[in-house]
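> Sending over a structure as structure tokens; questions will come in a sec.
The values are calculated or read from the model by the stated rules, or taken from the named source; none is laboratory data. This one's a predicted model, so the numbers in the text were calculated from it and none came from an experiment. Here the Cβ positions follow ideal geometry from the backbone for every residue, glycine too, while neighbour counts run over all protein chains shown.
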Amino acid sequence: MPSYHVRIDEIPKAGREVHLAGHESAWRESLLEVAGGRGEPGGEASVRLHRRRHRVEVHGRYEVALHLECSRCLDTFPHRVVGTFRVNLLLESRGAPGAEAELTEADLDDSVFQGDVIDVLELLREQVLLELPAKPLCAEECKGICPDCGADLNTEACRCGLRPVDPRLAVLARLRPES
Ligand SMILES: [Zn+2]
Ligand SMILES: [Zn+2]
């Protein structure tokens, strides 16, 4: 079993620590999936798991570098994510109150867990995904693409202005059916 698959019954009293480094291929593949298959992702993470009676406490931190697609100009750009997280996995099969219990503010990081093996890669993948921007931008001031001529306005001038149209012809152009 790879080190990132942790059998709950085998977590020692002192806890278990899982390290992931850039050379771990499953970790790289997982990051590549998060990045939508772009670029050469890399990064490191360490995750500590502590077994409690009805739950496993997970503390983790990660630092990853991946490539995203800019939502304005569609260019691929490098993006770094550094984060820490804390999750409580409620072991439903072992009598955790689970979904029955009322969620208080402090329990927002709780999630119900079923099964005997915790996939640390999967936990990390979810956490990194949460930290990605909903609308990635290569730069705050990215000018995007001209919707008319398709020019990438970061690197070239809009070509629309290069076609001065005689106003009379423009009227005809508008009457012509779209090809
Ligand atoms: Zn952009
Ligand atoms: Zn244009």
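> (1) of a type in the set (Gly, Ala, Ser); (2) part of a helix (DSSP H, G or I); (3) loosely packed, with under 13 Cβ neighbours inside 10 Å: which one isn't true of ALA14, the others all being true?
(2)
> Within the stretch 24-51, restricting attention to residues that are charged (D, E, K, R) and free of Cβ contacts under 8 Å to residues at least 40 places away in the same chain, which residue is farthest from PHE77 (Cα to Cα)? Give the derivation first.
Our first condition is that a residue be charged (D, E, K, R); within the stretch 24-51, this holds for 24, 28-29, 33, 38, 40, 44, 48, 51.
Then drop every residue that is not free of Cβ contacts under 8 Å to residues at least 40 places away in the same chain, which leaves 24, 28-29, 38, 40, 44, 48.
Working: GLU24: 23, ARG28: 18, GLU29: 18, ARG38: 9, GLU40: 11, GLU44: 20, ARG48: 31 Å.
That would be ARG48.
> Okay, next question. Looking at the stretch 17-26 only, could you name the residues that are modelled with pLDDT under 95 and either surrounded by 18 or more Cβ atoms within 10 Å (Cβ to Cβ) or of a type in the set (Asp, Glu) (or both)?
Residue satisfying the conditions is GLU24 alone.
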